[in-house]
1. Identify, by number, the condition in (1) of a type outside the set (A, V, I, L, M); (2) crowded, with 23+ Cβ neighbours inside 10 Å; (3) closer than 12 Å to ARG163 by Cα that THR99 doesn't meet.
2. Regarding ARG76, is this residue surrounded by fewer than 19 Cβ atoms within 10 Å (Cβ to Cβ) and closer than 19 Å to TYR157 by Cα?
3. Limited to the range 77-102, what total is found for residues that are in contact with a helix residue (DSSP H, G or I) (Cβ under 8 Å, 6 or more places away or on another chain) and assigned to a helix (DSSP H, G or I)?
4. Please specify each residue of the range 19-39 satisfying the condition of being part of a helix (DSSP H, G or I) and touching a residue at least 24 places away in the same chain (Cβ under 8 Å).
5. Looking for whichever is touching a helix residue (DSSP H, G or I) at 6+ places or on another chain (Cβ under 7 Å) and of a type in the set (Val, Ile, Thr) here; the options are ILE34, ILE60. Which one fits?
6. Looking only at residues that are closer than 18 Å to ILE27 by Cβ and acidic (Asp, Glu) in the range 102-150, which one is surrounded by the fewest Cβ atoms within 10 Å (Cβ to Cβ)?
7. Going through the range 103-140 one residue at a time, which ones are outside any helix (DSSP H, G or I) and either within 20 Å of VAL61 (Cβ to Cβ) or basic (Lys, Arg) (or both)?
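Bear in mind these aren't lab numbers, they're just calculated from the coordinates by the rules spelled out. From a predicted model like this one, the values you see are computed outputs, not experimental measurements. Note: ideal-geometry Cβ built from the backbone for every residue, glycine included; neighbour counts use all protein chains shown.
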Amino acid sequence: MTTGTAQIASGQKGGDTAGVIAPPPLIYLSALGIGFGLDRVMKTGSLPSRVAVPVGAASIVTGAGLMGSFVRAFRRARTPLDPYTPSEAIVTDGPYRLTRNPAYLGMALTYAGIAIVSNSPWALVPLPVAIALIDRGVIAREERYLERKFGTPYVEYTRRVRRWI
C-alpha cells in the first residue's frame, strides 16, 4: 500500500455502512453541552487564566489540526467523510500512520480545550462518557465494517497502528 490507501473495485459500493450510533460531532457536542450545564449548576473550581488559556488553546489547535488532517487524508483517498456513506478506501497515510482515529482524537482534544479555555472544569466530567460512546458505538462498529469490507489489508493495518494513540 505505497499510496496510503486500499481501493475497492469500482461499482462495489453497495449500501452497507458502519451503522454508528450517532454522528460523532453530535456525541461530543451533546456531552459538552451537558458539561457546561453541570458547570453552571456546580459553580466550583477554576484554573487561573494564565494557565487555562494557553493549555486550552494548545488543545484546541492540536485537535483542530488533527481534524483538518483527517479531512485532507479522506479527500486525497476519495472516500466519504460521512459515516453513513459506504467507504471507498482504507486511509493509512498522514495522521493515520499514528492513530486509526485522528478525527475522534481531534474532537476529544478540541472538547477538552474548549472546556479549559472557558474555565469550566465541570464540562470535562462528561468527556470520558463521550469517549466511551465514540469507542464502543462508533469506532468498534466502523472497525467491524471496515474488516468486512476490506479484509486482510484492514486487519494488517490494525496490527500496525493503535486505535487511539
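1. (2)
2. Yes.
3. Summing the residues that are in contact with a helix residue (DSSP H, G or I) (Cβ under 8 Å, 6 or more places away or on another chain) and assigned to a helix (DSSP H, G or I) in the range 77-102 gives 4.
4. As a first pass, look at the range 19-39 and keep what is part of a helix (DSSP H, G or I): 24-39.
The answer is PRO24, PRO25, ILE27, TYR28, SER30, ALA31, LEU32, ILE34, GLY35, PHE36, LEU38, ASP39.
5. ILE60
6. Checked the range 102-150; the qualifying residue surrounded by the fewest Cβ atoms within 10 Å (Cβ to Cβ) is ASP135.
7. Residues satisfying the conditions are SER118, ASN119, SER120.
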